[in-house]
Amino acid sequence: MMYLTQKRNIKKILANLFYSIKTFCIFRCANIPPEYISHPLKNMGMVYLIVVVLGIALVVYLRMNNRYTVKAPWQHFFDGADFAASEFYQQVEAEIRAFKVPDVSYGRESFFQTHIASSRQEYLKIKRGEYVIYICAAAFGRGTFISQWSCLKVQKQRNNIPVISKLLGMDRNDKSFYQADTEGMFQSAVHTALMNVVDGLTTAKGIRGLTEMERHIQLGK
């Protein structure tokens, strides 16, 4: 409910900003002197400010509209390790492809490290159905950390239509055994591929390998 309210508020703000800019432009194009403009937007400086605010609001709206729910994170710090992220991502992707999991797409996506003016961190993106898994390799202190984030798209209205959602296999609250199995196997295959690549790198670089406890990740929640 809070998510829907936030979306409505942002849409209302965007509508008001568009109206303000349109009104100002109409007055300016008609060559009406500023002193006769009753609208609060009487100078271009204000218009520029509004455009900036509009852009920020649009970015926030788009991010909210495409956000994910984190289901199963995994992270580990490798002391003294130095992994090249781009090469690491290529190896992980190749390992996953070798499993021939159907309907999987691959890509890269960058996120701000902290705030909107901070540097961006690139992640390997693996997507299948409603699940998206992000994998990161980055320098940290005197070593490298590797993380895996299993995420689920935020449920949309079409997933909640009575009867129809169930008949079309889109009801998240009433999935078949096969749907649940294949979703779990997708996550398991990606994590297995990641562990295979990590094992190869730790062996090649003479770094301590992962214990069984350190490999563990909770899947399918």
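Structure summary
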{"quantity": "Residue in the range 114-122 that is closer than 29 Å to GLY206 by Cα and without any contact (Cβ under 8 Å) to a residue 40 or more places away in the chain present", "calculated": "yes"}
{"quantity": "Residues being in a strand (DSSP E or B) and either outside the structural domain of VAL197 (by TED's automatic domain parsing) or loosely packed, with under 12 Cβ neighbours inside 10 Å (or both) - total across the range 97-107", "calculated": "2"}
{"quantity": "Pick from the range 85-113, criterion free of Cβ contacts under 8 Å to residues at least 12 places away in the same chain and of a type in the set (A, V, I, L, M, F, W, C), ranking: farthest from THR211 (Cα to Cα)", "calculated": "PHE112"}
{"quantity": "All positions within the range 108-132 that are charged (D, E, K, R) and either exposed (fewer than 15 other Cβ atoms within 10 Å of the Cβ) or under 21 Å from PHE145 (Cβ atoms) (or both)", "calculated": "ARG108, GLU109, ARG120, GLU122, LYS125"}
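The values are calculated or read from the model by the stated rules, or taken from the named source; none is laboratory data. Since this is a predicted model, take the numbers as computed values, not measurements. Every residue, glycine among them, receives a Cβ derived from its backbone with ideal geometry; neighbour counts consider all protein chains shown.
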